[in-house]
Structures are given as structure tokens and as C-alpha cells.
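Visitor: Input: one structure, supplied below.
The values are calculated or read from the model by the stated rules, or taken from the named source; none is laboratory data. Model, not experiment: these values are computed from the prediction. Calculation scope for accessible area: heavy atoms of the full protein, side chains included, ligands and nucleic acids excluded. Shrake-Rupley method; radii C 1.70, N 1.55, O 1.52, S 1.80 Å.
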Amino acid sequence: MRASAYLSWAFLLSPIWAAPAANPCDIRSTDTSFTDYAYVYFTGEGTSDGEQIRMAVSNNNDPTQWTTLKNGQPFLTSNVGTKGIRDPSLIAAPDRSKFWIIATDLKVNGLPGGWSNTDMQTKGSKSIVVWESTNLKNWSGPRLAKVSPDNAGMTWAPDAIWDPERNAYMVYWTSSVMSNGNGISAGWKILRCYTNDFVTFTKAEEYLVGYGMDVTITAGDNGAFYMITKNGPNGLIQENVSHNGLSGQWKKVSENIGQGDMPSGEGPLIFRDNKTPSKWHVWIDNNTRGSGYMPFETNDITTGHYIKTQNYKLPANPRHGYVIPITAAERQALLSA
């Protein structure tokens, strides 16, 4: 999101859900049907259309080389809420029959005072922006989904992961809770709620305190979950791990990820390599220098030690977003959009 960002989350009704057939967020890149990657992102507030959805696909199953869709023009645009989006996440269903994009409802371009306007953090949107697709090419939406309680200051950097203990997607995001109420105390929080369809959500609840902002979580091996977040010293990135579920105890693995290559960073994303399952990629938004994502990699996620990737060429102005593995057919569908 931005170095000055805060924590916010979910409020809605509690449905009874049918259980999905498989774990939608444990989509392993060891599946040989994955031949490439899709990247969803925004390019920043510097242009009038920079806070809209852009997409790119990798070339030759190589996450360092990309082809932008629609010649780098917006792939999807928001005409709801603030009419702008930031920090999109791309979520795939277990059988690839559905995909969702969820994003921050925020448009900084044209906002009086820009980032100095504190209303975006204290009186910001209580909703996330949602699109839905069955093929990655054609999308319904956008629509607003109100997930944050009324005492939340904003709803930033939404993400989602399948929670096997709850048999539903856990949706989580960053917010500043402005006052006590709705079962949540005031302060900087990561909030969460649950859904199976990204239409109906449970009531928001406090999830994490003291873990910074721009949190993203991935499923690793042997039941481990890894959290990458803007937290800790020097405004850089921290890795944490839980070996007892998404609601279990998180333990710090490493911090200062990116040190020596950038003064500070935000909006991290993480994904497993398609060709080498032991390899993981973390991208960090080098926001203070305005250059967008810088990629890092590790051959052992359990160590939390990442080195800068060499010889990469990302799309122009690549800001906070999300990468997932895709099949050859899905890549072709995106290119034909």
C-alpha cells in the first residue's frame, strides 16, 4: 500500500457454506500443468489511470520476463466506491473454475492533498472491490463488498487464503481502528473475516496486532504457513511462520529482507517457483525510490534468507499486486483478452 498505511478488516453476515472440493489456496507449483505465471497489479497514483487493474503473463515459465496485457493499459477499471483501486490480489478456486480479484477501494490521484490527506486513513472505505471470472479473460464486476466495521478507518491491501480449519477463505487486510466497538478495540490491526464465495462474509474480527501492514500469507510444505509483511526495523520486510494453522502462533523467521538493496519497502508478494518447487520468490515495492517491485528469491523458505534476483525485466511501474501460477490455456486466454 504505502509506508504510512495502517490496518483494517471485515464485517458482514454469517452464511452456512458447502465445503469446497479441495484447498484453493494450496495451489502447488509442483503441478506440472502450470506453464507460466499471471501478475495482477496497479501502477500508482502518478497518472489518472494508474490506480486501475493491470495484468501481465510470464514468458517461457520465467518469472523474470513478462508480457503485459492490453499493451500495458488497464485490464479492468473500477467505477464503484472511490473509482480507483490499489493492492489487488488474484485468488484461484481449487479446481480453477473461478477466480476473484479483490482490491483496496482507494484513488489517491486527484485527492486534495494526496497522501497528506488523512481522511483516507481515518474516514476511508469500509469495502473492498471484487471482480469474478470463470476463465481469467472475462470478468463480472466490479462490485463493493463491505467487510470492515464502521469504526475502521480504512480497508487496505486485502488478501485471502484457504483456512482448512474453517473450511473457508480467510480474507484479511490492514486498518486503523478508530474507536472501540463491534468487538474490536481501537488501534492498528490486521482484521479478518471468512467467505466461500466473496459475496457473503462473516463479521470482521481482530486477527493480528504488531505485525505491521501489507500482510500476505502462503501455504508451504508440511502444513506450515508463511507470512510476509512490512514490519520490523528500517521499514523493510519480515517473514514469520506458523506450524499450527492460520490461527496458531506466529514465529519470526527473519527481518530486514531487502536490506542493502532498498532503503525501505512495502507491498510484498510471495509465490513458489513452477520449475523448482524448493525455490520461492518475494517481490518488494521499492516505493521510496518510486521504481516499483524488486524481486528476491530463496532456495529454502524456512531460512527466511532472500537474495536479489538478477537479470529481471518486470512490467513498467510494477506496484503492489499478486502472482499465481497458470496453465498454457489460461495464459492464452489472458493474451486473447
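Visitor: How large is the Kirkwood hydrodynamic radius of the stretch 119-224, in angstrom, based on all distinct alpha carbon pairs?
Guide: Details: mean 1/r = 0.0686 Å⁻¹.
Taking the inverse mean of 1/r over all distinct Cα pairs, the stretch 119-224 comes out at 14.6 Å.
Visitor: Sticking with this structure for a sec: Can you list the lysines whose alpha carbon is less than 21 Å from that of LYS275, not counting same-chain residues fewer than 8 positions off?
Guide: LYS308, LYS313
Visitor: So what's the stretch 53-99 giving for Cα Rg divided by 2.2 N^0.38 Å, two decimals?
Guide: My calculation over the Cα atoms of the stretch 53-99 gives 1.39.
Visitor: A further question on this structure: Let's test this: bin the Cα-Cα distances of the chain at 10 Å from zero up to the farthest pair and state each bin's percent.
Guide: 6, 28, 39, 24, 3, 0
Visitor: Roughly speaking, what is the centre-to-centre gap between the stretch 208-250 and the stretch 274-337 when only Cα atoms are used, to the nearest Å?
Guide: Each part reduced to its Cα centre gives a spacing of 18 Å.
Visitor: From the C-alpha gyration tensor of the stretch 37-130, pull out the three semi-axes of the equivalent ellipsoid (sqrt of 5λ each), sorted largest to smallest, in whole Å.
Guide: In descending order, the three semi-axes are 27, 16, 10 Å.
Visitor: Summarise the accessible area of the stretch 136-175 (1.4 Å probe, protein heavy atoms) by the percent that is carbon and sulfur.
Guide: Carbon and sulfur atoms account for 43 percent of the accessible area of the stretch 136-175.
Visitor: Using a 1.4 angstrom probe and counting only protein chains, how large is the accessible area of MET178 in Å², to 10?
Guide: 90 Å²
Visitor: At a probe size of 1.4 Å, how large is the accessible area of HIS305, to the nearest 10 Å²?
Guide: 120 Å²
Visitor: On to the next question. Considering only C-alpha atoms, what is the centroid distance from the stretch 41-63 to the stretch 97-111, in Å?
Guide: After rounding, the separation between the Cα centres reads 12 Å.
Visitor: Rg and Dmax of the stretch 233-337, using alpha carbons, in Å: what are they?
Guide: Looking at the stretch 233-337, its Cα Rg and Dmax stand at 15.1, 44 Å.
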